[in-house]
1. Positive end of the dipole of segment 9-101, charges at C-beta (+1 Lys, Arg; -1 Asp, Glu), about the Cα centre: which of Q50, L18, F78 has its Cα farthest in that direction?
2. On the first, second and third principal axes, largest extent first, how far apart are the outermost C-alpha atoms of segment 9-101 in Å?
3. Give me, ordered by chain and number, the residues 5 or more places off T128 or on other chains with an amide H under 5 Å from its own placed amide H.
4. Place a point 7 Å from the Cα of A67 along the Cα-to-Cβ direction; which residues of segment 27-56 have their backbone N under 15 Å from it?
5. Between I222 and E312, what FRET efficiency follows from the Cβ-Cβ distance if R0 is 25 Å, with the result rounded to 0.05?
6. Which length gain, in nm to one decimal place, applies between S127 and T76 when the Cα-Cα distance is subtracted from 0.36 nm times their residue separation?
7. At a Förster radius of 51 Å, what calculated FRET efficiency corresponds to the Cβ-Cβ distance of A51 and T155, to the nearest 0.05?
8. Within segment 1-16, list the residues whose amide N lies under 15 Å from a label point set 7 Å along Cα→Cβ of Q87.
Amino acid sequence: PSEIPPIPAPLLSALLALDEPERSSKWLRCLFEEDKDEAITQIALWQAYQARFAHAVDKHGRPLLPAAEFIKNVSTTFADKAAAQVQAGPVQKFIIKGIRIRDAPVDLSGRPYQKCMWTTPTPDGVSTRPCGAFFMEPAEMFTHIFSDHLRVPKTASPSPTPHSGSPNGDGVEGGAPETKPSTQTEKFTNDEGTYRCLWPGCTKFRNPTPIRPAQLAAHIKIHLPPASSFDPSSPRQPSWVSPAATQSFSFLSTAVDERGDAAGIPLTAVLVLRNLARNLRRLGREEEEREDEREAGGGRKVAKFFGGVEGELWFVFAHNKSLASYLGDLLIAIAE
Ligand SMILES: [Zn+2]
Ligand SMILES: [Zn+2]
């Protein structure tokens with residue numbers, strides 16, 4: 001990343017409670033990491049520091065560090081792995097050598113935040129970029145996507161004490177996440193609406209689709225990054241070390257009932273096919289009993305009808321979690 005990102009609201013308020021120079025040290029640690037090959041200009045650092053904390057001076061009465069001291073504190077924070085230097089060239093640049101912006105900030109304990117990648121328009125409206133808001137828990141990101149990006153309406157709160165805030169949950173547009181502490185227990189409605197999914201790479205709901213929020217929720221959850229696994233005792237990896245390439249695999253599950261068991265026409269279809277396979281085998285055996293070549297007979301009849309689609313059946317078995325066990329029965333009935 002080339003821009004120093006704003007930090008998540010809960011982290012900012014934790015930092016605001018600290019005195020200097022601890023506050024700027026912690027802020028630097030949350031947003032930057034050591035990298036001996038990288039550098040950042042002193043002016044960019046200083047401006048970001050001012051932008052984040054200047055307003056707090058009046059509110060909390062904790063003055064900012066003077067520029068020279070702030071820059072000195074950068075080296076102190078990174079145990080002299082970061083050094084103020086002058087970069088020679090046509091235009092002299094004052095830089096801090098040895099640090100880079102983290103791909104995602106970490107909290108005060110070092111646990112990384114996850115970034116919302118939802119496609120949003122740039123401020124000038126001519127192109128798009130990832131939303132970029134940071135969240136610690138997948139559930140927080142989910143609520144953010146539902147209210148700020150998809151604008152799924154919320155049910156009016158049944159609580160007798162009216163509270164402020166719009167009942168429609170009008171989201172905060174773009175940029176910094178405004179995660180309010182979830183004291184309010186408003187729920188999203190499940191009234192069908194027209195929604196589209198703008199998670200990068202998603203093709204399922206690229207175009208506006210009439211859908212119920214509960215169904216949409218199940219889809220959105222596919223995209224959410226898993227809760228960041230963080231073990232403070234394990235050696236810390238720089239954020240720019242990417243994990244090994246993985247192959248993505250999408251499940252194509254069909255309807256389930258309230259107990260999570262397969263339901264509807266897809267289930268009926270599998271059961272009909274299974275009964276067909278079993279009965280064909282019995283029928284085949286009976287015919288061959290008469291012709292006295294018992295063994296191969298039943299199987300031959302099943303193969304004649306199911307051989308052509310066996311590949312497809314295995315595909316559904318692998319991809320459709322809700323139908324997998326029923327497909328298993330069918331495949332056994334075919335293979336027996
Ligand atoms: Zn977002
Ligand atoms: Zn999607």
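1. My answer, from the dipole projection, is Q50.
2. So the three principal-axis extents are 42, 23, 20 Å.
3. When sequence neighbours closer than 5 places are left aside, the close amide H contacts are T122.
4. Backbone N within reach: 41-51.
5. Efficiency at R0 = 25 Å is approximately 0.60.
6. Contour length minus the Cα-Cα distance gives 14.3 nm.
7. Here the calculated transfer efficiency is 0.85.
8. Residues passing the 15 Å test: 1-4.
Computed from the coordinates by the stated procedures, all read-outs in this text should not be read as laboratory data. Just so we're clear, the structure is a prediction, and the values are computed from it rather than from any experiment. When we count neighbours, we look across all protein chains shown, and the Cβ atoms used for this are built from the backbone with ideal geometry, even at glycine.
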